[in-house]
Amino acid sequence: MDRRADGRVVVLTRPRREGTADLAREIALDVFCLGPWGRTQTDVYFVRSGASFVLIDAGWASDLSRIERAAGSLCGADSRPAAILLTHCHPDHAGSALLLARAWGCSVFMHPDELPLATADFGAMVASAGPLDRYVILPLMHAMGRRRREAMLATSSLGDVARTFEMGAGVPGLPGWECVPTPGHTPGHVSYFRPSDRVLITGDALVTLKVNSWAGLLLQRPGLSGPPWYTTWSPRAARKSIQRLAHLEPTVLAGGHSQPMTGLGTAAALSAYAERAHEL
Ligand SMILES: [Zn+2]
């Protein structure tokens with residue numbers, strides 16, 4: 001628990017000590033957080049709706065068995081999540097999506113503007129590149145030549161399990177939730193919001209890990225941050241998305257990295273952060 005200078009209390013929830021990183025814990029009614037784990041402090045979320053679950057984000061490719069185990073203990077041996085929803089299509093959020101979708105027999109849903117990245121379209125990668133892509137990844141991919149590049153990209157494509165959802169038509173598998181466009185980190189980044197109790201799942205539009213300072217990243221310091229600048233397509237759009245999220249006044253802020261933020265001071269902490277982010 002953190003007491004801010006103005007006396008408000010912000011709670012960064014802690015995992016149960018007796019559990020392991022493979023146990024998802026309920027951070028709000030029917031919302032289960034698996035994570036954070038690893039150097040990137042990855043989180044994925046299982047959300048229950050009636051008798052079924054959906055998974056929001058799918059970690060790195062190496063996280064497959066961790067997510068499968070958590071799904072097994074939440075859903076039971078005879079049931080699987082009904083859908084996978086992505087906030088965006090970077091390898092730390094969509095890495096296990098293809099194999100999970102095949103194992104569970106479900107689709108992977110995303111914003112239409114994210115589909116070209118999900119299907120490994122090289123032109124879309126160039127168009128939505130952040131600094132790391134522009135100065136490191138893309139020059140390497142250009143250097144490897146077209147045939148090798150296309151073979152490599154084919155292995156990362158979500159192929160025919162990728163589906164787009166219609167904006168404004170509700171969130172697949174989650175009645176009562178809304179999809180909030182939060183472009184900036186990528187063109188089709190979205191967040192997921194439940195207005196009834198203002199629970200907000202933000203992917204990388206907003207994280208609770210200080211990803212934009214070396215010390216924050218190396219020491220895994222918790223705290224509100226916009227998306228990592230080095231993998232962000234449009235910082236300007238990302239700042240606008242943070243303002244938009246602040247207006248939702250969340251009671252729970254569950255990002256893609258580090259501990260979710262809960263407690264009475266959450267909306268005020270985000271609002272204060274969004275004001276500062278405006279000047280960045
Ligand atoms: Zn991420």
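Strands (runs of 3 or more DSSP E) fully within the stretch 196-240 that include at least 2 residues being more than 15 Å from the ligand (Cβ to nearest atom): 199-203, 222-225. The conditions of being touching a Lys or Arg at 6+ places or on another chain (Cβ under 8 Å) and modelled with pLDDT of 90 or more are not met by Leu224. If you filter the stretch 128-144 down to residues that are over 22 Å from Pro181 (Cβ atoms) and surrounded by 14 or more Cβ atoms within 10 Å (Cβ to Cβ), you find that the one that is nearest to the ligand (Cβ to nearest atom) is Leu132. Residues that are within 15 Å of the ligand (Cβ to nearest atom) and touching a residue at least 12 places away in the same chain (Cβ under 8 Å): does the stretch 145-164 have at least one? Scanning the stretch 145-164, I find no residue that is within 15 Å of the ligand (Cβ to nearest atom) and touching a residue at least 12 places away in the same chain (Cβ under 8 Å), so the answer is no.
Among the residues making up the stretch 236-280, those that are β-branched (Val, Ile, Thr) and surrounded by 20 or more Cβ atoms within 10 Å (Cβ to Cβ) are Ile242, Val252, Thr266. Scanning the stretch 66-81 for residues that are open to solvent by 40 Å² or more (accessible area, probe 1.4 Å) and more than 18 Å from the chain's Cα centre (by Cα) yields Arg69, Ser73, Leu74, Ala77, Asp78, Ser79, Arg80.
Of all residues in the stretch 114-157, which are more than 21 Å from Tyr230 (Cβ to Cβ) and acidic (Asp, Glu)? Those that are more than 21 Å from Tyr230 (Cβ to Cβ) and acidic (Asp, Glu): Asp121, Glu150. Restricted to the stretch 168-195, and to residues there that are under 22 Å from Ala127 (Cα atoms) and assigned to a loop (DSSP other than H, G, I, E, B), the residue that is nearest to the ligand (Cβ to nearest atom) is His185. Among residues of the stretch 249-272 that are more than 16 Å from the ligand (Cβ to nearest atom) and hydrophobic (A, V, I, L, M, F, W, C), those with a Cβ under 6 angstrom from a residue that is at pLDDT below 95 and part of a loop (DSSP other than H, G, I, E, B), sequence gap 6+ or separate chain, pair up as Ala268/Arg8. Of the residues screened, Arg48 is not one that is in contact with a strand residue (DSSP E or B) (Cβ under 9 Å, 6 or more places away or on another chain), charged (D, E, K, R), open to solvent by 30 Å² or more (accessible area, probe 1.4 Å) and closer than 18 Å to Val161 by Cβ.
Give just the number: which of (1) on the phi > 0 side of the Ramachandran plot; (2) surrounded by 12 or more Cβ atoms within 10 Å (Cβ to Cβ) does Met125 not satisfy? Checking Met125 against (1) on the phi > 0 side of the Ramachandran plot; (2) surrounded by 12 or more Cβ atoms within 10 Å (Cβ to Cβ), the one that fails is (1).
The values are calculated or read from the model by the stated rules, or taken from the named source; none is laboratory data. Since this is a predicted model, take the numbers as computed values, not measurements. Note that we place each Cβ from the backbone using ideal geometry, even for glycine, and neighbour counts take in every protein chain shown. Note: accessible area is taken over every heavy atom of the protein model, side chains too, but ligands, DNA and RNA are not part of it. Shrake-Rupley method; radii C 1.70, N 1.55, O 1.52, S 1.80 Å.
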